[in-house]
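Since the structure comes first, as structure tokens, the remarks are kept for the end.
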Amino acid sequence: MATTSVNERRSDRISGLPDDLLRRILWNLSTKDSVRTSLLSKRWRYLWKHVPALDLDSFNFPDYWGLKYFFDTFMEESNKNVNLERFRWVYDADLEEHCEDSFVSLMDDVVNRGVSHMTLVSKVDAPDSVRMPLSLYSCATLVSLTLYGVAFDAPPKSKLELVSLPCLKTMHLEAVKFDGASIFETLVSRCSAINELIVVTHPRDHLGVVCVRSPSLRLFKLESMREEGGDPEVVIHAPKLEYMSIINYQSESFIVQSIAPYAKVNIDLNFDVEEDDDDHMILGFLTAISTVQEMTISARTLEKIADCYRLDPLPQFFNLTCLHASLPESSWEMFATFLGYCPNLNSLDLEFDGLPETKEIKDSFVPQCFKLSVKFVLLKIPTTVTKTSSKMQLARYFIRECLVLKKLMLNESFGNVINKVKKIPKRVTGCEVVMLNPAYEVNSHGSSVLPMIYENMFIPKILDH
């Protein structure tokens, strides 16, 4: 009895809070959990209907029409004078069940309710059938937009001037089809406040050109889910862009016209162009990003660059202070030469597929930055590599050639030689040699929408910063 009494008093204390505060508490729950609170007491019975957030999952309804009835009830009985702050929907239906007119009408209602944050993930196995309403092009209240597996119709030419998303700051588009060559460019350029743009291309999205022209954009991620390349051409003009990530991308044309100086870039790009045009394309790209401060670069991109600078000198990366690179086994000499174009490098993070030969390391070129600026080095090699002599020679190379080195960090694969490495005579007093905890290594899941938006719903994988 005493326990029951205490619980009742606690319940009464919460129920005694103002409606606005209770609605804010419910806003932080999914709609499914919010509806469950209606069983607590009469006070809670209808509160969930007045929360400006709606989360739907087709899995929780017997069919589309059951979901539509729930949606209509919510929209009818909620406060029409309050904007819908959040709308999230995981939509699934058989092609026979999907009704385009009803779907567009439902999404129109969401837009017209002044939605701020919209997420729509379509699992319908025909993205051409799931089409967004034209009203979305001019949603003045939208702040964030995440779409997966849907299509955009071209707005009528007479209404192109009305395309405007003035409050949109974040947009994530995956497997999104645009029925018109310039629709994507128009959409992005009319988002006057956009800060973050993530685009994940799929084989069936028919995205012709990824043209990003934005004076406000600060973060851009582009990732391909195509297995055999053939990605859309890219043009980027974003003078305030501070972070650019290109993952698993293979295109015939990739042009960067402008990004911010001292930006950070993550490059996993395969230039899929004719041999005669290869050098010109790569040099143009490298020149455009030569002002970056931090770079992560993949092994295959480095190999493409190597083919280029055997004939032409690369631009100098004067601002580059931090470099993360993946190296194939045969590329050590090439990479040492690349470092010669990074005169002010301070931090170097290298991940090897396999170790180069001992003699190759010993006789390799020593770049200027090793003598003047490199203070921190991280070396990661596969745990399957057991060649002790190559491990020792690699560690010795950095300890002896980096004249201002403060710390050499080694992954667990160096465990069998770590004590010997620590005894190598140092050029710099106080230089540390440390072995990293395996937990330090973090696996990235990319940007795709396959598994993550919210815990109790299916979703593909979203907004992984």
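Here's the yes/no breakdown for (1) free of Cβ contacts under 8 Å to residues at least 12 places away in the same chain; (2) closer than 23 Å to THR337 by Cα; (3) in contact with a Cys (Cβ under 7 Å, 6 or more places away or on another chain):
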position: ASP363; (1), (2), (3): yes, yes, no
position: GLN368; (1), (2), (3): no, yes, no
position: LEU378; (1), (2), (3): no, yes, no
position: SER390; (1), (2), (3): no, yes, no
position: TYR397; (1), (2), (3): no, yes, no
position: ASN416; (1), (2), (3): no, no, no
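Under 9 Å between Cβ atoms, at least 6 apart or on separate chains: pull out the pairs that start in region 327-351 with a residue that is within 12 Å of ALA299 (Cβ to Cβ) and end on any residue that is acidic (Asp, Glu) and modelled with pLDDT of 90 or more.
Pairs that qualify, where the first residue is within 12 Å of ALA299 (Cβ to Cβ) and the partner is acidic (Asp, Glu) and modelled with pLDDT of 90 or more, are LEU327/GLU351.
How about region 101-114: which of its residues are closer than 16 Å to LEU147 by Cβ and charged (D, E, K, R)?
Correct list: ASP108 only.
Looking only at helices (runs of 4 or more DSSP H) that lie completely in region 328-393, which have at least 2 residues being open to solvent by less than 20 Å² (accessible area, probe 1.4 Å)?
Once the helices (runs of 4 or more DSSP H) in region 328-393 are filtered for at least 2 residues that are open to solvent by less than 20 Å² (accessible area, probe 1.4 Å), what remains is 332-339, 368-372.
Are there any pairs, at least 6 apart or on different chains, whose C-beta atoms fall under 6 Å, with the first in region 222-243 and of a type in the set (Lys, Arg) and the second outside any strand (DSSP E or B) and surrounded by fewer than 23 Cβ atoms within 10 Å (Cβ to Cβ), and if so, which?
ARG226/PRO203; LYS240/ARG218; LYS240/ALA260
Residue under question is TYR262, and the condition is that it be aromatic (Phe, Trp, Tyr) and open to solvent by less than 20 Å² (accessible area, probe 1.4 Å); does it hold?
When the stated conditions are applied, TYR262 does not pass them.
Within region 270-286, does at least one residue satisfy the condition of being small (Gly, Ala, Ser), within 20 Å of HIS324 (Cβ to Cβ) and at pLDDT 90 or above?
No, there is no match, as no residue in region 270-286 is small (Gly, Ala, Ser), within 20 Å of HIS324 (Cβ to Cβ) and at pLDDT 90 or above.
Any residue at all in region 227-236 that is open to solvent by 50 Å² or more (accessible area, probe 1.4 Å) and part of a helix (DSSP H, G or I)?
no
Here are LEU29, LEU22, LEU95, LEU54: which of them is at pLDDT below 85, outside any loop (DSSP other than H, G, I, E, B) and among the hydrophobic types (A, V, I, L, M, F, W, C)?
LEU22
Restricting to region 394-421, count the residues that are more than 24 Å from LEU345 (Cβ to Cβ) and either open to solvent by 80 Å² or more (accessible area, probe 1.4 Å) or of a type in the set (Val, Ile, Thr) (or both).
The number of residues fulfilling the criteria is 6.
When both residues are 6+ apart or on different chains and their Cβ atoms are under 7 Å apart, which pairs have a first residue that lies in region 127-151 and is closer than 17 Å to SER192 by Cα, and a second that is open to solvent by 40 Å² or more (accessible area, probe 1.4 Å) and among the charged types (D, E, K, R)?
VAL143/LYS169; SER144/LYS169
Could you tell me which residue of region 184-203 is modelled with the lowest pLDDT, considering only residues that are closer than 24 Å to ASN248 by Cα and among the aliphatic types (A, V, I, L, M)?
The selected residue is VAL200.
The values are calculated or read from the model by the stated rules, or taken from the named source; none is laboratory data. All values derive from a computational prediction rather than experimental measurement. We place every Cβ from the backbone using ideal geometry, glycine too, and count neighbours over all the protein chains shown. Just the protein is used for accessible areas: all its heavy atoms, side chains included, with ligands, DNA and RNA removed. Shrake-Rupley method; radii C 1.70, N 1.55, O 1.52, S 1.80 Å.
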